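I have placed the structure first, in the form of structure tokens, so that the comments after it can refer back to it.
Taken together, the values in this text are just the output of simple stated rules run on the coordinates, not laboratory data. What you see is a predicted model, and the numbers here were worked out from it, not measured in a lab. No Cβ is skipped: glycine too gets one built from the backbone with ideal geometry, and neighbour counts run over all protein chains shown.
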Amino acid sequence: MASIVLAGYCMRFWALKVLEFQVNILPIQSEMMSFTIKSVLLLWLCYLAAGFAGFAGAQDAPAEDDSLIVRQIVFAGNNKTKDAVLAREMKTKIGDRFDEQKIELDRKRIQNLQLFTRVEIQPMQTDAGIVLLVYVAERWYVFPYPILYYSERDWKKISYGAGLIHQNFRGRNIKLTGSFWLGYNPGAEFFYSNPWIGGTKQLYSHFRISANKVQNKSTEFAPFDESHKGIGVGFGKRWGHHTYLGVSFGYSQLTVPDQFKAATVAKTGSDRLPSGSVSFRYDSRDLYEYPKNGWRFELYATKTSYPGQLDYLRYGVDVRRYQPLIAGVSLAGRIAGDFGAGDTPVYSRAYLGYQERIRGHFNAHREGDNRAVASLELRFPILPVRYFNLGPENIPFGSYADNLPFGISAGIFADTGAVWQKEEKVDKDLFLSGFGFGLHIHLPYVQVLRLEKGFDASGHSEYIADVGVWF
């Protein structure tokens, strides 16, 4: 009976507060999205039901010490996404004492799902304790889409095509993608990812099948295209909210033109590449799209072996720390290494000047069996992220033009890195180093557009336009 009474107080007060929130607060904070008609009707039903429960047990007042206990967590705005998808990202549970900092981290973990343009958590004080209203603005999940992107941080390497994507299949954060693209490194791919299977076992899985051409990166040969066909499957387990352990298995075949058979191990110009991988990751970053607090630590190893042809290992480590300082300013640091053991073929070497680059030497290319990179970046806000509505909700897909983020940050950075062959001695002459500064523009879907100016050790400068946070 006591639980019914508490629920009655909670739901009745919550309904009143939400309606008060809509009437009094939303006009002041104009960028906040209003609730859907369905949500409002639900609130009224809860209010009516809670009124009877509250009346029946009105004589039982909660203890004063319980006023900061979280009594209920309510989700709104997730018309497609299941409540469980949001709830499993929250460390705050019913019965916990209210903790404002913990709630903010819960909000960012839900944002990290990349299913929503905006996430807000509104605590509401009731006679029974705290009610948390978790409000989300959903993205557009299912759509055919044009493909237009640049590869390896190079705007000259444009790929274009089309695909069909479902980013939130069955409302469970399952991703299904089928696509093809032309231009640079043309290809086609089907990808499936399920981040949560097995219920409380917290397992995840993924599957990929692909075929594409990849431009050879080694300077030992004139430019040519490698033909790749492959299939892969992976499984893993998540412990808590931050720790992941995964294994994956794959098989691919790489074929090169006859005149470049020397680039493969097999004399036929076609290598078979069965592989197995294991990875461990600890990730407590506050916000993946632009982290300012937390750790990211990853260890990985991939063994590729085919009897009579090849047998080599690639392994690495990537450590990142994000340390908040003061007033939204944060210092981010990264150190990472990727290493080879055995007879590594040229197409599996480590490179600088492609996906991994050194700002200040953005277009410099280096290759070898091993690679090490390090970066420091001071990040600070200029214009805090705000949300804008571009279209009326009553038109088709109009809600997807609401709650679109825009903001401006800035960064001061320093990068260094080197690649080397296994027989080379590592010394300072191998390292490329650079520094610089830039603007980071926060945009919907793109997340971050970076406009930067880098310098090398001699003071030569270059301009960089890139998408996504550097690390």
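Here are the numbers for this structure:
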item	result
Within region 74-179, trypsin sites (Lys or Arg not before Pro) in DSSP loop having at most 10 other beta-carbon neighbours inside 10 Å	LYS93
Greater than 31 Å apart at Cα, pairs in LYS82/LYS229; LYS157/LYS229; LYS82/LYS292; LYS91/LYS292	LYS82/LYS229
J(HN,Hα) series, region 151-167, from Karplus relation 6.51 cos²θ - 1.76 cosθ + 1.60, nearest Hz, glycine and proline x	9, 6, 6, 10, 5, 7, 9, 8, 10, 8, x, 8, x, 10, 10, 10, 8
Region 143-467, relative contact order in percent, only Cα pairs under 8 angstrom and at least six apart counted	9
Local electrostatic count, THR268, Cβ distance below 12 Å [Lys/Arg +1, Asp/Glu -1]	+1
Rh (Kirkwood; distinct C-alpha pairs) - region 171-302, Å	17.4
Neighbour-limited loop hits for chymotrypsin sites (Phe, Trp or Tyr not before Pro), region 60-134 (at most 12 other Cβ within 10 Å; DSSP other than H, G, I, E, B)	none
